[in-house]
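Note sheet for the following structure.
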2 protein chains.
Amino acid sequence: MVGASALIAIDWGTSRARAYWLDAHGQVQHEKSAPLGVLSVPPGGFAAALAELLAGGPGDRAPMLACGMVGSRQGWIEAPYRECPADADAIASALSPVPGTRLAIVPGLICRDSDGAPDVMRGEETQVLGALEAGAHAATARVVVLPGTHSKWTVVREERIETFATFLTGEMYAVLREHSILGRLASAGDDPVALEAGVRRSLATNAELSHDLFSARTFALTGELAPGAVGDYLSGLLLGAELAAGRRWLHRQRALGESVLLIGDPELCERYRRGFAIAGLEATVGSPHAAARGLWRLARCARIVDPVLP
Amino acid sequence: MVGASALIAIDWGTSRARAYWLDAHGQVQHEKSAPLGVLSVPPGGFAAALAELLAGGPGDRAPMLACGMVGSRQGWIEAPYRECPADADAIASALSPVPGTRLAIVPGLICRDSDGAPDVMRGEETQVLGALEAGAHAATARVVVLPGTHSKWTVVREERIETFATFLTGEMYAVLREHSILGRLASAGDDPVALEAGVRRSLATNAELSHDLFSARTFALTGELAPGAVGDYLSGLLLGAELAAGRRWLHRQRALGESVLLIGDPELCERYRRGFAIAGLEATVGSPHAAARGLWRLARCARIVDPVLP
């Protein structure tokens, strides 16, 4: 049995929701994950979804803080984007309380790239704050990369999330593998050599993706790529394209050479770590629960929990 | 009524088959198109599909020549790829007769790019030969671009198809529009300004597609792109990426600056012509029936029809 929680932290994304019951030291007492993502909740159904998510948990009356797509236009209430750069205090000062509940929602972040296009994130800002301890590395730039359906590359300077860039790597892989001719010759398999070949090709060609992708078909046609290797080669091409473009982006942000921290699914992070090594970039994989730790940090800044607790 | 045909020319692709009855001067007397593409023909069903395609036509006993995916591993019989460079005589010497019929199939072409990846085409080689008159421009390089699901860029020198490159532009557009988050905010519309904005962005960023594509979502999120403009902006990003990579490819082939001939669907060719103009490249749209004229040219080289005819 656990004592009363100080905070229920919720990482509420597109396809899943994860609740963490945190004690007065911010430690995870209990956690629960459910396929209650924003896309599966019907209009008006968020209160019921939250009750379902918390059912069976410690059942106390702690304050709740959520991050992720639950704060989007398709979510419970819209928590408007905050402009970058933003630090934990700036984000904590812009929480959106959900009327009639003990829940508040963390805003997403918006920035503009050098060509004027907007970029957005929701949930990753909280993971970044959780992955980087408050006060540590304050003087130097940190690069945090969050692999996923939409990979995010962020630059943190003086504890502020300065800017970031999104890469559609995961989503492109999924739709091309499932719906394009490139998946037709592929079968299930795990082939690190093919992955590396794909990464190297994209790095060498500087990621001319719309041409390079066709080689996932032609190498299969000529028999140079076994059916079980096609998927990893395709994944490598897309990862290499992200690395080629991301490396240039880091250079433009004067952050190339800073060590990279990878956070997210451990297997995917390890795949990215290998990719970064091929590209000549050092990357380490961060510890899990970044969202829970980020929500704890924001809750203390916002005085939802006692800020003088350890 | 038409007289006996000298040749029945068939452009037999993945989704459609088109038959052209040609007179002794190579002129189209009659044509017919049917949704009898290779993917819709069951194993062993090609003879029946051919009979269905020709039913209702002039009904003579002319020789037949087909190009396209009908000669692939998934087609009627496999007509093995010919290596590039290849001229009309080389291709005509490698036709694959279909046993028990009056039909022969044109081989596809294979080449290697500078990074060693194979590239292939089936059907486009015939269109290129049909689009470029025999004997004309023999001394100079010609660039022929065939927009489509898989766009092909070809360089022709001294009447030989020297090399080519494939871009998955059309297929990427289709799968991203239909199956990714990028299509979710899009509605039907025709917006040449959004198309141009997409092309210009990809040309400016040098086509960092996996990042740039996300702007089709974020511009829609911020309201800077109307729902009816999202599709054309996405199309422009992908066209711009093809133009950026294609321009570099032409440079490597020492063919940048040669005028570009576009052949294929007239509306798509016009879209590409505008894209080429934005990229500072001159392109003209070729006349239709390139496949029929290419098959006629190959049939004469192969002496399937009398080579001394005009």
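The values are calculated or read from the model by the stated rules, or taken from the named source; none is laboratory data. Here the structure is a predicted model, which means the values were calculated and not measured. Because the Cβ atoms are built from the backbone with ideal geometry, glycine has one as well, and the counts that use them run over all protein chains shown.
Of the residues making up the stretch A:167-175, one or more are among the aromatic types (Phe, Trp, Tyr) and crowded, with 24+ Cβ neighbours inside 10 Å. When you scan the stretch B:84-95, do you find a residue that is outside any strand (DSSP E or B) and within 14 Å of chain A (Cβ to nearest Cβ), even just one? Yes, there is a match, as at least one residue in the stretch B:84-95 is outside any strand (DSSP E or B) and within 14 Å of chain A (Cβ to nearest Cβ).
Of the set (1) of a type in the set (Gly, Ala, Ser); (2) facing chain A (nearest Cβ under 10 Å); (3) crowded, with 24+ Cβ neighbours inside 10 Å, all apply to residue B:130 but (2). Every test in (1) within 13 Å of chain B (Cβ to nearest Cβ); (2) closer than 30 Å to residue A:130 by Cα; (3) among the charged types (D, E, K, R); (4) touching a strand residue (DSSP E or B) at 6+ places or on another chain (Cβ under 9 Å) is passed by residue A:171 save one, and that test is (4). Restricted to the stretch A:52-79, and to residues there that are assigned to a loop (DSSP other than H, G, I, E, B) and of a type in the set (Asp, Glu), the residue that is farthest from residue A:7 (Cα to Cα) is A:78. Of the residues making up the stretch A:218-239, those that are buried (at least 23 other Cβ atoms within 10 Å of the Cβ), facing another protein chain (nearest Cβ under 9 Å) and farther than 19 Å from residue B:245 by Cα number 1. When we screen A:246, A:257, A:264, A:275 for residues that are over 12 Å from residue A:195 (Cβ atoms), within 14 Å of chain B (Cβ to nearest Cβ) and either out of contact with any His (no Cβ under 7 Å at 6 or more places or on another chain) or crowded, with 24+ Cβ neighbours inside 10 Å (or both), the only hit is A:246.
Within the stretch A:106-127, is there a residue that is at negative phi, more than 12 Å from chain B (Cβ to nearest Cβ), modelled with pLDDT of 95 or more and assigned to a loop (DSSP other than H, G, I, E, B)? Among the residues of the stretch A:106-127, at least one is at negative phi, more than 12 Å from chain B (Cβ to nearest Cβ), modelled with pLDDT of 95 or more and assigned to a loop (DSSP other than H, G, I, E, B), which makes the answer yes.
Checking the structure you have, find out if any residue of the stretch A:290-303 is of a type in the set (A, V, I, L, M, F, W, C) and in contact with a Cys (Cβ under 7 Å, 6 or more places away or on another chain). Yes: one or more hits.
Check whether at least one residue in the stretch A:101-111 is of a type in the set (Gly, Ala, Ser) and more than 21 Å from residue A:41 (Cβ to Cβ), and report yes or no. Among the residues of the stretch A:101-111, not one is of a type in the set (Gly, Ala, Ser) and more than 21 Å from residue A:41 (Cβ to Cβ), which makes the answer no.
Sub-7 Å Cβ pairs linking a first residue in the stretch A:237-266 that is closer than 25 Å to residue A:291 by Cβ to a second residue that is basic (Lys, Arg) and surrounded by 14 or more Cβ atoms within 10 Å (Cβ to Cβ), at least 6 apart or interchain, are A:258/A:142; A:261/A:142; A:262/A:273, ordered by first then second residue.
Okay, residues lined up against (1) surrounded by 14 or more Cβ atoms within 10 Å (Cβ to Cβ); (2) in a loop (DSSP other than H, G, I, E, B); (3) modelled with pLDDT of 95 or more:
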position	(1), (2), (3)
A:3	no, yes, no
A:8	yes, no, yes
A:15	no, yes, no
A:19	yes, no, yes
A:32	yes, no, yes
A:36	yes, yes, yes
A:39	no, no, no
A:50	yes, no, yes
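Just one of the listed residues (B:106, B:128) is among the aliphatic types (A, V, I, L, M) and either over 24 Å from residue B:16 (Cβ atoms) or touching a helix residue (DSSP H, G or I) at 6+ places or on another chain (Cβ under 6 Å) (or both), and it is B:106.
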